[in-house]
Amino acid sequence: MIDLRLGDCLEILPTLAAGSVDAVVTDIPYGEKIDKMGFTKNINGGVTLRNDYSDMPKWDRPITQSHFDLMFSVSDKQLIFGGNFYKLSPSRCWLVWDKKNGGQYSNDFADCEMAWTNLDAPARIIRHVWHGMIQQDMSDKEKRYHPTQKPIAVMKYAIKMMTNRGDTILDPFMGSGTTGVACVQTGRNFIGIEIDSGYFEIAKKRIEQAQLQIRMDI
């Protein structure tokens with residue numbers, strides 16, 4: 001089951017029944033204004049232009065307690081990338097994504113990103129290179145659609161950490177749909193909400209392509 005909804009999650013989340021999804025897995029806006037940061041430098045002194053950040057002021061805004069209350073109401077389990085930017089309850093089960101994986105390069109981004117969870121479990125690390133044009137699998141590179149896009153492999157790890165096959169995942173900040181693609185590839189149901197119509201269409205196409213690939217493989 002794939003259920004994609006265009007709109008503001010503050011308006012759509014109240015339409016979902018309490019406890020109706022098995023887990024929320026999402027990458028929330030951090031409100032860092034990273035559209036103002038310009039360039040990123042590599043270790044050789046060159047520069048790589050960031051993706052198109054021109055529309056970021058529309059959606060890269062800090063979310064409110066109302067967003068968290070609604071997300072927590074629809075599921076008992078939460079995994080939130082960017083949770084370290086907000087005052088959430090203490091957790092011993094953080095997921096840390098090491099973006100360098102020991103690589104010999106530097107940049108003005110963080111070496112890792114952190115996802116807060118409410119699981120009562122040990123902290124975990126996933127190592128997956130994602131550095132501008134450099135990716136973990138250079139022979140099968142993922143196309144970058146969104147400035148804060150996560151690799152499919154990272155989202156698949158997060159989904160498997162939180163749920164089992166056949167469960168339903170909700171992403172109220174769907175972006176370009178990586179969580180949905182990961183759900184298709186791991187046999188999960190998916191509900192995705194996105195406020196930006198352009199990214200919504202990208203997400204829809206990516207998820208449809210993932211479904212088609214699964215059918216072809218069968």
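Things worth noting here:
- Criterion violated by Met155 - all others in (1) in contact with an Asp or Glu (Cβ under 7 Å, 6 or more places away or on another chain); (2) at pLDDT below 95 satisfied: (1)
- Residue pairs whose Cβ atoms lie under 7 Å apart, sitting 6 or more positions apart in sequence or on different chains, and linking a residue in the stretch 189-218 that is touching a residue at least 24 places away in the same chain (Cβ under 8 Å) and part of a helix (DSSP H, G or I) to a partner that is among the acidic types (Asp, Glu) and buried (at least 21 other Cβ atoms within 10 Å of the Cβ), are Phe200/Glu194; Ala203/Glu194.
- Among the residues making up the stretch 160-218, those that are surrounded by fewer than 23 Cβ atoms within 10 Å (Cβ to Cβ) and acidic (Asp, Glu) are Asp167, Asp196, Glu201, Glu208, Asp217.
- The residues on offer are Leu88, Leu119, Leu79, Leu70, and the sole one that is assigned to a loop (DSSP other than H, G, I, E, B), modelled with pLDDT of 90 or more and surrounded by 17 or more Cβ atoms within 10 Å (Cβ to Cβ) is Leu119.
The values are calculated or read from the model by the stated rules, or taken from the named source; none is laboratory data. Note that the coordinates shown come from a computational prediction; the quantities given were computed from them, not determined experimentally. No Cβ is skipped: glycine too gets one built from the backbone with ideal geometry, and neighbour counts run over all protein chains shown.
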